Amino acid sequence: MKQRLVLVGFGNVGQGLLEILLKKRQELQARYGYEFVVVGIADVAWGTAYNPNGLNIEALLKAGKARQKFSQDLKEWDALTLIKESDANVVCELAFTNLQTGEPAISHCKAAFSAGKHVVTSNKGPAALAYRELKTMADEKGLRFLIEGTVMSGTPVLNLCAGPLAGCEIIAARGILNGTTNYILTQMEGGMSYDEALKKAQELGYAEADPSGDVEGYDARGKVTILANVVMNTSLKIAEVSCKGITGITLQDIEKAKKAGSRWKLIGSIKKEENRVTASVAPEMLPLTHPLAGVMGATNAITFTTDLLGDVSIVGPGAGRTETGFSILSDLLKI
Ligand SMILES: NC(=O)c1ccc[n+]([C@@H]2O[C@H](COP(=O)([O-])OP(=O)(O)OC[C@H]3O[C@@H](n4cnc5c(N)ncnc54)[C@H](OP(=O)(O)O)[C@@H]3O)[C@@H](O)[C@H]2O)c1
């Protein structure tokens, strides 16, 4: 049976996903027997397009590239109406992350489950703020709520724990979960001031005009909350995760660490002690011999401490249009 997809949000990730699906259509069918049709897209900037026989992906991508509104198969529907009215069986929720309320994405996910549709998302809002509620809703209806792209983009972190590491208990995890702050710290080690490094990160598109989500540690805190709830099967609230960013780190601190054979990293941690899970985000001075100390620039990494295998680490991209598009593809294949 062909997977029938609806996309909510057609920014970097939505377009990245369609580029991959278009390029790999034959390969996906030949290797995995995977067939798909994109029946709908809703985006506040591009409008809503719907055609139960399938949208023209090339035309959609052309509109995306030219930043022009959709011109074919138009509907006067918002995202919620598209989710409810379309005959899709999977909704890809790729709209903006809101770590205060999780909206409108939480409502998109709930509408999808109510309409009998699976949800695949890279949006941290629903995953960090309402994972347990949404997973229960999906489970009760025999549907999937898959969120690989919410932590370390396409680098398989959640699927690693659910798949190859199944059978191991994850006792702790420590990771570099935010590429922007790791890039800034790397540049500061090269002698740049915090302000110069932040400006460079903004020029390269790593940091937003308002960088607080990254530099204050809030983005990493969202990811740590997701990890705790998914990997350790708990119900941690984002406000229960202590959070300190990198804004207080000076060039003097960087020099001091260098002299001590160490390096500053913004570390997200979770650990289980006597069945209680605690989590935090804070800058730490790691000895250069530590596996996470060698992870430089915008790259992400995480080390899981397990009962049967000891430490297992994975290093990879934490952002990017194709990388995050891949996370959505891997969850679509899982369904
Ligand atoms: N890009 C990455 O590397 C990456 C990595 C991991 C996770 N993510 C997450 O993946 C999601 C998508 O990221 P992105 O980079 O593609 O973001 P993006 O480029 O900003 O695209 C999001 C799109 O969603 C649209 N949108 C906002 N509210 C909407 C609504 N209510 N209904 C329909 N569309 C709506 C936005 O329109 P306007 O611009 O007009 O608001 C925008 O076109 C985000 O939650 C992000 O945090 C991204």
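Rule-based calculations on the coordinates, nothing more; no lab input. Note that the structure is a prediction, hence the values are computed from the model and not measured. FYI the Cβ positions are ideal-geometry reconstructions off the backbone, even for glycines, and counts take in every protein chain you see.
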Proximal lysines relative to K199, as straight alpha-carbon distance under 20 Å, when same-chain residues fewer than 8 apart are discounted:
K265
With -39,500 (n - 2.57) per DSSP H segment of 4 or more residues and division by the full residue count of the chain, the 222 nm estimate, nearest 500 deg cm²/dmol, is -11500 deg cm²/dmol
Below 14 angstrom from the Cβ of G47, what's the summed charge of the other residues (Lys, Arg +1; Asp, Glu -1)?
-1
Under a Cβ-only charge scheme (Lys and Arg +1, Asp and Glu -1), can you give me the dipole magnitude of the chain about the Cα centre, in debye to the nearest 20?
400 debye
Flagged links, alpha-carbon separation over 24 Å, of K24/K62; K75/K117; K62/K334; K65/K135:
K62/K334; K65/K135
Enter the angle in degrees (range 0 to 90, nearest 10) between the Cα long axis of helix 321-334 and the first principal axis of the Cα atoms of the chain, meaning the one along which they spread out most.
60 degrees
If you build a Gaussian network model of the chain, linking Cα atoms that sit under 10 Å apart, which residue out of L55, L82, L158 swings the most?
L55
Taking a cut-off of 23 Å between Cα atoms, list the lysines near K258, but don't count ones fewer than 8 places away on the same chain.
K200, K244
Could you name the lysines whose alpha carbon sits less than 16 Å from that of K271, not counting residues in the same chain fewer than 8 places away?
K223, K237
